[in-house]
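Below is one structure, written out as structure tokens; comments come after it.
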Amino acid sequence: MSQKTYDQYAKEVKEASGLILYDQGMVTPKEDMRVRQAGFPATEVSVKKLRNKQMANIVLVGAFVETTKLVSPGDHEGDPHPRQ
């Protein structure tokens, strides 16, 4: 997410239950917001570990899953195509 995108959409996040995840190398968060914010070095990780800057969004998806616990380790059980 760019600073421009953050500035444009951050104000639309609900204060009571909202969460903003941002790339800490690209965004300076507003400190006066009453919403949960979490920065992750998404671009840095995607370049250093994955050698592909375009993977930064996937890194942020992983950060989202880890932060929200939306998916738990047992959620894949019953998958019709389990990994062997």
Degrees between helix 56-68 axis and first principal axis of the chain (Cα, 0 to 90, nearest 10): 80
Label-point separation, Leu19 to Val47 (7 Å along Cα→Cβ), nm: 2.7
Förster radius 25 Å - calculated FRET efficiency between Arg34 and Gln8, Cβ distance, rounded to 0.05: 0.85
CD proxy at 222 nm, helix term only [per DSSP H run n ≥ 4: -39500 (n - 2.57); per residue of the chain; nearest 500]: -9000 deg cm²/dmol
Pairs of alpha carbons in the range 3-67 whose separation is greater than 21 Å (percent): 23
Cross-link partners of Lys53 among lysines (Cα-Cα below 26 Å; sequence separation of 8 or more within a chain): Lys4, Lys30, Lys69
Size of charge dipole - the chain - debye, nearest 20, with Cβ of Lys, Arg +1 and Asp, Glu -1, no other charges: 260
Neighbour-count ranking [beta-carbon atoms within 10 angstrom, fewest first] of Val35, Val65: Val65, Val35
Cut-off under 5 Å, modelled amide H: who pairs with Arg36 long-range: Gly18, Ile20
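No value in this document is a laboratory result; all are computed from the given coordinates. Note that the coordinates shown come from a computational prediction; the quantities given were computed from them, not determined experimentally. With ideal geometry, Cβ positions are generated from the backbone for all residues, glycine too; neighbour counts draw on all protein chains shown.
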